[in-house]
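Report on one structure; see the data block that follows.
The values are calculated or read from the model by the stated rules, or taken from the named source; none is laboratory data. Note that the coordinates shown come from a computational prediction; the quantities given were computed from them, not determined experimentally. Note that we place each Cβ from the backbone using ideal geometry, even for glycine, and neighbour counts take in every protein chain shown. Side chains included, ligands, DNA and RNA excluded: accessible areas come from the protein's heavy atoms. Shrake-Rupley method; radii C 1.70, N 1.55, O 1.52, S 1.80 Å.
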Amino acid sequence: DTEVTQTPKHLVMGMTNKKSLKCEQHMGHRAMYWYKQKAKKPPELMFVYSYEKLSINESVPSRFSPECPNSSLLNLHLHALQPEDSALYLCASSQGATVFYGYTFGSGTRLTVV
Amino acid sequence: SQQGEEDPQALSIQEGENATMNCSYKTSINNLQWYRQNSGRGLVHLILIRSNEREKHSGRLRVTLDTSKKSSSLLITASRAADTASYFCATDSNQAGTALIFGKGTTLSVSS
């Protein structure tokens, strides 16, 4: 299995809702990442997990809460989002926690906040 | 914060032509990577070039790296309509534990 699987592919949520994005990989990769991408912009780093521990939080608002229950699974819990949080949320993984490996990306969750 | 800046922002060519995209970055790096993104989908890793390498090939892709100028180029030879996508360079900041930061990207359109 050489894929990163993200669910759901599309999500529409209200500003008072609580939802979660899920990311799964079975490649034995020990680093996992969340990126946010707005239309016609590059991906922006949000969080990095290394060996199931949060190692980087790029000053992301607390309405985004990451969780890494095990080495194969990464969640992003969403609460009280704003319309400007609408974006493509990308999950990625890599063999190690350094930048000496290429990343494998999922196909993303397209989030719309109404 | 963005480390890499690609140019041109957009490039339109005919099938069979070569496409060259450039990336400049600001700080020392351990390596530089190139990714492709088809419209609205995930990114695909194309090639990684380490800071002590000057050139790398993979199929129709040729990447060069000039650390003295803090720049890299991606050449796609004999382009195909399927090469239509956005291309991003990505770098680290030469610090342990950092993750990839992506440049603004080049949008390539290949027409048949």
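How many residues, within the range B:12-32, are open to solvent by less than 30 Å² (accessible area, probe 1.4 Å), in contact (Cβ under 8 Å) with a residue 60 or more places away in the chain and assigned to a strand (DSSP E or B)? If you could, list the steps in order and put the result at the bottom.
Our first condition is that a residue be open to solvent by less than 30 Å² (accessible area, probe 1.4 Å); within the range B:12-32, this holds for B:13, B:19, B:21, B:23, B:25, B:29, B:31-32.
If we keep only those that are in contact (Cβ under 8 Å) with a residue 60 or more places away in the chain as well, we get B:13, B:19, B:21, B:23, B:25, B:29, B:31.
Now drop any that are not assigned to a strand (DSSP E or B), which leaves B:13, B:19, B:21, B:23, B:25, B:31.
Here the count works out to 6.
Does any residue in the range B:40-59 that is on the phi > 0 side of the Ramachandran plot come within less than 8 Å, Cβ to Cβ, of a residue that is in a loop (DSSP other than H, G, I, E, B) six or more places away or on a different chain, and which pairs are these?
Between residues of the range B:40-59 that are on the phi > 0 side of the Ramachandran plot and residues that are in a loop (DSSP other than H, G, I, E, B), the close pairs are B:Gly40/A:Gly108.
Of the conditions (1) over 14 Å from the mean Cα position of the chain (by Cα); (2) at pLDDT below 95; (3) surrounded by fewer than 19 Cβ atoms within 10 Å (Cβ to Cβ), B:Gly42 clears all except one; give me its number.
Exception for B:Gly42: condition (3).
Quick one: which of A:Lys36, A:Lys41, A:Lys53, A:Lys22 is open to solvent by 20 Å² or more (accessible area, probe 1.4 Å), free of Cβ contacts under 8 Å to residues at least 12 places away in the same chain and farther than 18 Å from B:His45 by Cβ?
Working: A:Lys36 fails: free of Cβ contacts under 8 Å to residues at least 12 places away in the same chain; A:Lys53 fails: free of Cβ contacts under 8 Å to residues at least 12 places away in the same chain; A:Lys22 fails: free of Cβ contacts under 8 Å to residues at least 12 places away in the same chain.
Exactly one of A:Lys36, A:Lys41, A:Lys53, A:Lys22 is open to solvent by 20 Å² or more (accessible area, probe 1.4 Å), free of Cβ contacts under 8 Å to residues at least 12 places away in the same chain and farther than 18 Å from B:His45 by Cβ, namely A:Lys41.
Go through A:Lys38, A:Lys19 for me and flag whichever is more than 23 Å from A:Tyr101 (Cα to Cα), at pLDDT 95 or above and within 13 Å of chain B (Cβ to nearest Cβ).
Numbers: A:Lys19 fails: within 13 Å of chain B (Cβ to nearest Cβ).
Sole residue among the options that is more than 23 Å from A:Tyr101 (Cα to Cα), at pLDDT 95 or above and within 13 Å of chain B (Cβ to nearest Cβ): A:Lys38.
Does at least one position in the range A:64-81 carry a residue that is more than 14 Å from chain B (Cβ to nearest Cβ), in a strand (DSSP E or B) and charged (D, E, K, R)?
First pass over the range A:64-81, keeping only residues more than 14 Å from chain B (Cβ to nearest Cβ): A:64-65, A:67-73, A:75-81.
Now narrow it down to the ones that are in a strand (DSSP E or B): A:64-65, A:67-70, A:73, A:75-79.
Filter once more, keeping what is charged (D, E, K, R): A:67.
The answer is yes, given that some residue of the range A:64-81 is more than 14 Å from chain B (Cβ to nearest Cβ), in a strand (DSSP E or B) and charged (D, E, K, R).
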